[in-house]
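S.K.: Have a look at this one.
FYI, it's all coordinate maths here, none of it is from the lab. Since this is a predicted model, take the numbers as computed values, not measurements. All Cβ positions, even for glycine, are placed from backbone atoms using ideal geometry, and neighbour counts span all protein chains on display.
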Amino acid sequence: MVEFGRHALEWLSANWPGVPYPFSKTTVVQGYADMEYPMMVNDNTTDDPTFSRFVVEHEIAHSWFPFYMGINESRYPFMDEGWATTLELLIGRADLGVDRADNAYKEFRINPYTYDPAQEEDLPIITPADAMKGVGYGNNAYGKASIGYLAMKDLLGDAQFKSACTPTWTGGTANTLSPGISSIPSMMSPVRTSTGSGTTGTLATATSISPSPVQTATRSPSPTSAASPCPSIWSSTTPTAPRRPATRHPPSGRTTPKTPS
């Protein structure tokens with residue numbers, strides 16, 4: 001998990017969104033939530049390392065959206081979950097290869113609402129969060145918003161798309177660090193492991209990664225386990241039948257409307 005967090009900080013800082021990680025550190029707790037907080041991620045524990053990496057990359061992407069940008073995620077979740085879902089695909093292509101990452105994205109994010117005839121799937125993406133619930137909320141915030149961003153990226157091309165978005169992402173301070181931060185955290189190291197009530201939680205802290213030079217690493221797929229929440233997506237290049245995602249983002253422990261947070 002430490003290496004996954006470090007990789008996410010490096011890749012996201014150097015590639016997409018391509019804005020250096022704007023905070024002094026980040027902490028990843030392997031626990032029970034799949035939820036992002038400023039400079040902190042709390043991820044469910046799974047038996048599938050590939051899926052664990054997928055979740056932590058999504059949650060760390062929230063460091064930029066909404067926290068750095070200051071988005072009102074409670075009212076317009078498409079502005080943070082849509083971007084985090086887009087970034088999860090782009091970094092996934094570096095981790096797993098384009099075909100495997102795209103197949104997982106289609107099955108997990110796109111197929112559930114494209115094959116669902118329910119009228120709640122037809123809500124405009126800008127519908128405020130407090131007016132939605134259930135799958136209407138989850139798909140509006142995640143897959144539908146994300147594929148809109150990707151369509152614009154494909155239409156404009158990477159360079160023009162990034163040029164158009166970066167001033168908004170950074171408030172006009174593209175590729176600069178926040179005041180008082182001289183370097184981006186570079187090395188993640190385990191801090192402690194604690195046990196209680198028969199469960200184990202691992203706490204890891206990021207302490208310094210250099211934003212450049214950073215290489216886009218391609219990794220061999222990690223072995224997967226049948227106990228994974230979505231094993232067929234991450235363990236095989238062959239798409240399987242469409243499935244409905246949890247209301248949050250990859251399996252979330254929440255019951256309130258929200259997808260991978």
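S.K.: Net charge within 9 Å of Val28 by Cβ-Cβ distance, Lys/Arg positive one each and Asp/Glu negative one each, not counting Val28 itself?
M.R.: That sum, taken over residues with Cβ under 9 Å, equals -2.
S.K.: Separate question: Would you mind computing Rg(Cα) / (2.2 N^0.38 Å) for segment 92-140, counting N as its residues?
M.R.: 1.38
S.K.: On to the next question. If amide H atoms are built 1.01 Å from N in the plane of the peptide, which residues on other chains or at least 5 residues away come under 5 Å of the amide H of Thr27?
M.R.: Those qualifying (amide H under 5 Å, at least 5 residues apart or on another chain) are Met40, Val41, Ala206.
S.K.: I've got another one for you. Any lysines with Cα under 19 Å of the Lys144 Cα? List them, leaving off those in the same chain fewer than 8 positions away.
M.R.: Cross-link targets: Lys106, Lys133, Lys153, Lys258.
S.K.: Where Lys and Arg each count +1 and Asp and Glu each count -1, what net charge lies around Thr127 among other residues with Cβ under 13 Å from its Cβ?
M.R.: That works out to -1.
S.K.: Hey, fewest Cβ within 10 Å first, where do Ile60, Ile125, Ile91, Ile147 land in order?
M.R.: Least to most surrounded, the residues fall as Ile125, Ile147, Ile91, Ile60.
S.K.: Could you list Tyr115, Tyr105 in order of exposure, starting from the residue whose Cβ has the fewest other Cβ atoms within 10 Å?
M.R.: Ascending Cβ contact count within 10 Å gives the list Tyr115, Tyr105.
S.K.: Apply the Karplus curve 6.51 cos²θ - 1.76 cosθ + 1.60, θ = phi - 60°, to the phi angles in segment 22-30 and return the couplings in whole Hz, x for Gly and Pro.
M.R.: x, 10, 7, 6, 9, 10, 10, 10, 8
S.K.: Name the long-range amide H neighbours of Ile71: under 5 Å, sequence gap of 5 or more, or other chain; modelled H, no Pro or chain starts.
M.R.: Long-range HN contacts for Ile71: none found.
S.K.: Enumerate the amide H contacts of Tyr37 below 5 Å, restricted to partners 5 or more residues apart or on another chain; note that Pro and chain-start residues carry no placed amide H.
M.R.: Distant-sequence amide H within range of Tyr37: Asn42.
S.K.: Okay, next question. Treat the count of other C-beta atoms within 10 Å as a stand-in for reagent exposure and order Lys133, Lys153 from fewest to most.
M.R.: Lys133, Lys153
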